[in-house]
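Derivation of every value follows stated rules applied to the coordinates shown; laboratory data play no part. Model, not experiment: these values are computed from the prediction. We place every Cβ from the backbone using ideal geometry, glycine too, and count neighbours over all the protein chains shown.
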Amino acid sequence: MSEKLEPLPGTADIWEPETSQWIFLEQTARGLFPRYGYSELRTPIFERTDVFVRGIGTETDVVQKEMYTFEDRGGRSLTLRPEGTAGVMRAIANQGVAEGDEKRVFYMGPMFRGERPAAGRRRQFHQIGAEAVGRAAPAMDAECIAMLVHFLEELGIRDSRLLLNSRGTAADRPAVAEALKAYFAPHKEALCPDCQRRLDANVWRLLDCKVEGCQPLINGAPKITELLGDESKTFFAEVCRNLDAMGVAYQVEPRLVRGLDYYVHTVFEIQHSGLGAQNALAGGGRYAIALASGDRTVEGVGFALGMERLLMARQSLNLAAAEAPGCQAYVVALGPQALALALPLAQELRRCGVRTLCETAGRSMKAQLRTANKVHAKFALIRGDSELEKGTIVCKNLDTSVQEEWPVAETAARLRAALAG
RNA sequence: GUGGGUGUAGCUCAGUUGGUUAGAGCGGAAGAUUGUGGAUCUUCAGGCCGCGGGUUCGAGCCCCGUCACUCACCCCA
């Protein structure tokens with residue numbers, strides 16, 4: 001008991017019936033995203049630390065205190081990926097994208113952040129994400145968001161809100177930051193300690209503060225969308241127009257800034273109320289990421305969804321668990337001769353597509369049938385000395401208790417017919 | 001990193017103002033006459049009561065520490 005080895009904090013073993021839920025998410029993603037021209041990309045789970053530092057930004061919390069970084073034997077600094085986008089960008093840049101061309105990929109898998117775990121927040125968590133890279137057009141942003149919303153629809157997730165904002169171009173950002181600082185600076189004393197720090201470190205993030213005392217000031221702050229240059233305003237208006245045209249409902253939230261530095265123009269977030277103290281189900285936006293090589297940036301638009309949070313949202317909506325397929329036939333063997341023939345029979349049935357379990361211990365009939373019942377087998381195939389003499393096998397329907405005797409040679413065929421009927 | 005809550009059987013949990021060999025339900029195993037499951041009944045297995053110290057004649061219960069889990073803050077998916 002005291003020797004029990006539990007998984008590390010913030011990690012978990014995932015068993016049935018949860019595994020079926022995970023598979024459902026993955027299959028739904030694999031079924032939907034290709035309809036939008038996306039194909040699956042699998043990148044390594046660890047990368048050179050630089051890939052993330054340059055990609056995500058040195059000033060972010062993720063890079064400053066949440067990365068699992070270690071040295072390999074050659075002394076290189078490596079990091080378990082804390083998010084998917086940076087690695088995907090590395091892979092795409094590595095492969096090359098022709099000027100004016102576009103690449104669309106999606107991915108799914110574990111991410112790692114060294115945070116204190118809580119409901120909906122783990123150290124190893126899983127994301128499904130998508131990125132459309134290579135071109136900068138508002139329609140791409142809108143299409144990407146529409147796909148995300150479509151995905152949530154397919155998963156049956158209702159009652160979510162899509163929040164939308166723009167952070168403008170890289171050129172706009174200093175001006176916006178200045179305007180925000182100019183607004184908040186005179187009221188510094190009224191802000192919470194965190195916000196006083198943010199005022200100098202990262203004004204944008206101040207808008208995200210949830211402390212009640214800060215709300216009046218934040219609500220009165222100049223709206224980012226109004227501080228942007230003409231190019232950014234036009235871009236954002238086009239994104240909105242496209243969403244309207246597709247009938248995607250959204251809400252412009254001037255306070256939405258998101259935590260990663262690489263975002264430009266469009267940022268968005270899907271919120272849901274069934275996630276404990278968290279509310280973000282998915283988030284994303286348009287980005288320009290500096291590659292580790294240093295001399296280039298790659299542009300794209302994408303999002304990431306938290307799979308654990310998707311499952312929490314589905315649970316809060318009482319969406320039924322997809323059940324793992326149960327056992328169809330249990331081979332009951334009485335006596336050593338029958339037992340010796342049980343496994344070969346089970347194997348034949350499996351080759352015919354039947355989910356089959358088979359007695360391996362030579363227990364009593366009662367014990368074997370009890371097991372058959374426990375695994376919810378539809379049929380028990382019973383063979384003992386008298387069946388061996390006659391060359392038959394008894395098939396018992398465990399729902400109706402009706403049983404009939406078949407020639408052994410016909411077992412597979414008749415069983416399949418019975419299962420089909 | 002900082003707080004709150006909780007640690008008793010495989011699981012979910014009782015356990016009185018501190019009082020003998022530690023309880024239930026579920027789950028598991030075996031049985032209730034021949035080779036027939038589920039329902040019912042009987043029996044059985046399974047516990048360093050998280051760990052260490054302290055108070056006491058006596059601690060699952062009280063005190064201190066520690067570890068773990070969990071929720072929340074920060075931040076994010």
Considering only the other residues whose Cβ falls under 12 Å of the Cβ of A:L339, what net charge follows from Lys and Arg at +1 and Asp and Glu at -1?
0
Most fluctuating residue given options A:E269, A:E178, A:E83, as computed from a GNM of chain A linking Cα atoms under 10 Å:
A:E178
Dipole magnitude of segment A:32-170 about its Cα centre (Cβ charges: Lys, Arg +1; Asp, Glu -1), debye to nearest 20
420 debye
What helix-only [θ] at 222 nm does chain A give? Using -39500 (n - 2.57) per DSSP H run of at least 4, over all residues, to the nearest 500, the answer is -11000 deg cm²/dmol
Considering only segment A:119-275, what is the antiparallel percent among its DSSP beta bridges, to the nearest 5?
75 percent
Based on the alpha-carbon gyration tensor of segment A:1-91, what equivalent-ellipsoid semi-axes (square roots of 5 times the eigenvalues) come out, in whole Å, largest first?
27, 25, 12
Scoring only Lys, Arg, Asp and Glu (+1, +1, -1, -1) among other residues with Cβ under 14 Å from the Cβ of A:L180 yields +3
What FRET efficiency do you get for A:V252 and A:R73 if R0 is 60 Å and r is their Cβ-Cβ distance, rounded to the nearest 0.05?
0.75
So how strong a dipole does chain A carry about its Cα centre when Lys and Arg Cβ are +1 and Asp and Glu Cβ are -1, to the nearest 20 debye?
700 debye
Inter-part distance where segment A:24-56 and segment A:97-129 are each reduced to a Cα centre, Å
7 Å
What are the ³J(HN,Hα) couplings of segment A:259-271, residue after residue, when phi is run through the Karplus curve with 6.51, -1.76, 1.60 and θ = phi - 60°? Round to Hz, x for glycine and proline.
x, 9, 6, 7, 6, 9, 6, 5, 10, 8, 8, 9, 10
If I model a spin label at A:E189 and A:S386 as a point 7 Å from the Cα along the Cα→Cβ vector, what separation in nanometres do I get?
9.8 nm
hull vol. (C-alpha, convex hull) per residue for segment A:329-420, Å³ -> 84 Å³
Give the average over all directions of the projected area of the C-alpha convex hull of segment A:38-78, one decimal, in nm².
3.8 nm²
Would you please put A:350-356, A:136-142 in order of how densely packed they are, using the mean number of other Cβ atoms within 10 angstrom per residue and starting with the highest?
A:136-142, A:350-356
Subtracting the Cα-Cα distance from 0.36 nm times the residue separation, let me have the gained length for A:K374 to A:D399 in nm, one decimal.
7.8 nm
Calculated FRET efficiency for the pair A:E154/A:A175, C-beta based, R₀ 51 Å, to 0.05
0.80
For chain A, calculate the relative contact order in percent as a whole number, restricting contacts to Cα pairs under 8 Å that are 6 or more residues apart.
16 percent
May I ask you to list the GluC sites (Glu not before Pro) in segment A:272-361 that are in a DSSP loop and have at most 12 other Cβ atoms within 10 Å of their Cβ?
A:E323
For chain A, what is the convex hull volume of its Cα atoms per residue in Å³?
218 Å³
Cβ neighbours within 10 Å, averaged per peptide: list A:162-168, A:219-225 in order, most packed at the top.
A:162-168, A:219-225
Test of understanding: what is the full-extension gain from A:R116 to A:N318, defined as 0.36 nm times their sequence separation minus their Cα-Cα distance?
69.9 nm
Give the cross-link partners of A:K374 among the lysines, using a straight C-alpha distance below 25 Å as the criterion and excluding same-chain residues fewer than 8 apart.
A:K366, A:K396
Straight-line reach from A:K188: which aspartates and glutamates fall under 12 Å, measuring Cα to Cα and dropping same-chain residues less than 8 apart?
A:D200
Please get the size of the charge dipole for segment A:329-420, origin at its Cα centre, with Cβ charges of +1 on Lys and Arg and -1 on Asp and Glu, quoted in debye to the nearest 20.
420 debye
If you average 1/r over every pair of different alpha-carbon atoms in segment A:276-317 and take one over that average, what Kirkwood value in Å do you get?
12.5 Å
Taking only C-alpha pairs under 8 Å that are 6+ residues apart, what is the relative contact order of segment A:329-420 in percent?
28 percent
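Counting Lys and Arg as +1 and Asp and Glu as -1, what is the net charge of the other residues whose Cβ lies under 10 Å from the Cβ of A:N397?
Summing Lys/Arg as +1 and Asp/Glu as -1 gives 0.
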Mean-square fluctuation check for chain A, GNM, Cα pairs under 10 Å: which of A:F33, A:F52, A:F379 is largest?
A:F379
Among A:107-119, A:11-23, A:183-195, the order from most to least packed when residues are scored by Cβ within 10 Å on average
A:107-119, A:183-195, A:11-23
